[in-house]
1. Regarding ILE10, is this residue of a type in the set (A, V, I, L, M), surrounded by 13 or more Cβ atoms within 10 Å (Cβ to Cβ) and without any contact (Cβ under 8 Å) to a residue 40 or more places away in the chain?
2. Answer yes or no as to whether LEU142 is buried (at least 16 other Cβ atoms within 10 Å of the Cβ) and modelled with pLDDT under 95.
3. Kindly check whether there is at least one residue in the stretch 69-76 that is closer than 19 Å to ASP139 by Cα, out of contact with any Lys or Arg (no Cβ under 9 Å at 6 or more places or on another chain) and either surrounded by fewer than 15 Cβ atoms within 10 Å (Cβ to Cβ) or basic (Lys, Arg) (or both).
4. So which residues in the stretch 75-120 are farther than 20 Å from GLY235 by Cβ and among the polar types (S, T, N, Q), if there are any at all?
5. Does the stretch 24-32 include one or more residues that are modelled with pLDDT under 95 and not in a strand (DSSP E or B)?
6. Checking the conditions here, which among VAL49, VAL80, VAL44, VAL28 is more than 25 Å from SER199 (Cβ to Cβ), of a type outside the set (Lys, Arg), free of Cβ contacts under 8 Å to residues at least 40 places away in the same chain and touching a strand residue (DSSP E or B) at 6+ places or on another chain (Cβ under 7 Å)?
7. Given (1) under 22 Å from GLY178 (Cα atoms); (2) part of a loop (DSSP other than H, G, I, E, B); (3) under 21 Å from the mean Cα position of the chain (by Cα), where does ASP37 come up short, assuming only one miss?
8. Is at least one residue of the stretch 56-66 at pLDDT 95 or above, in contact with a strand residue (DSSP E or B) (Cβ under 8 Å, 6 or more places away or on another chain) and acidic (Asp, Glu)?
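The values are calculated or read from the model by the stated rules, or taken from the named source; none is laboratory data. Worth saying up front: this structure is predicted, and the values here are computed from it rather than measured. Cβ placement follows ideal geometry from the backbone for every residue including glycine, while neighbour counts extend to all protein chains displayed.
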Amino acid sequence: MPPLEISDLITVTDPGSGRRLPVRRDDVIRRLRENGDRRAVPIVAALPVDPDGMLDPHAVDRLMVGVHTELQRLSQELRVGERLVNLVGPLFDAIRAGSARTGRLRLVDVGSGLGYVVRRLAATGDLGPDVELVGVDLDAALVCEARRLARAEGLDCRFVHGNAFELPEAATVFVSTGVLHHFRGAGLAAFFRAQAATSALAFCHFDIAAGRLAHLGSWMFHRARMRHPLGRHDGVASALRAHCDATLLDAAAVPGFRPLLHEPRGLANPFSTTLRPVLGLRPWLEEPFRRALGRGSRKLVGPEHFTEGAA
């Protein structure tokens, strides 16, 4: 069984209403023990509860904001914002050149957390003034903090508490960072199907590249950078939960989209590729995107790459 992330267990939200659901601490401890994760038990056991044994939601919110604040360092050190612009910038150029859409384009960051990616894009203006930047998360505390940071930094972007695939305004491109490994099996496929059901033209999701080096690198970084044991635990667990390239491409092969990987493990230096993106494009968009990407398009592969390799 893949390891569980504590953060997924102590913050539970009703996907329909967005309402925070109460969580019993003993239930979380039981699930961790059943999964064989004894190291996580004392971390959860130290969290405060009310007289009924329910986790204190305010304490959990403070903890999650603190852990995500530290996680921003990982995004900065891995140059996530710059790498995303290197792909999404040409993607928006291709959309502008070939789409009949008029008016502003819209990038929606799924599971945006404290909004590091959206806030960086707003600060640099790398995608152009015609791209609206929206971050969406199911965790209300993280959204509240992202809004506060954006206001303090005077940035033109917004953050929404809710389901990214049910926004009243259509997304042009969906992006995310470190979200895919939270889903398993049918849940991963449903994540991509939900995007196919919208009018979005593309998606670009960065996640951990599976492999021993990713596990080791995650352990080293989180031991050095994360102060709270929960952040250290979940950082290592996330690397162990990472999906292989073929699994991601298979899940991303939803009706109406052409799935592609950029820098898959077979074509990249394993010491430098900690994160790699899976993309999905409306079929008419692939050739304009490859032209806009230039030499970088040589690092794009589709499902046929893995079929040929297996043969």
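1. Against the criterion (of a type in the set (A, V, I, L, M), surrounded by 13 or more Cβ atoms within 10 Å (Cβ to Cβ) and without any contact (Cβ under 8 Å) to a residue 40 or more places away in the chain), ILE10 does not qualify.
2. No.
3. no
4. ASN86, SER99, THR102
5. From the stretch 24-32, those modelled with pLDDT under 95 are none; that's our starting set.
No, the conditions are met nowhere in the stretch 24-32.
6. Exactly one residue qualifies, and that residue is VAL49.
7. Every condition holds for ASP37 apart from (3).
8. Scanning the stretch 56-66, I find at least one residue that is at pLDDT 95 or above, in contact with a strand residue (DSSP E or B) (Cβ under 8 Å, 6 or more places away or on another chain) and acidic (Asp, Glu), so the answer is yes.
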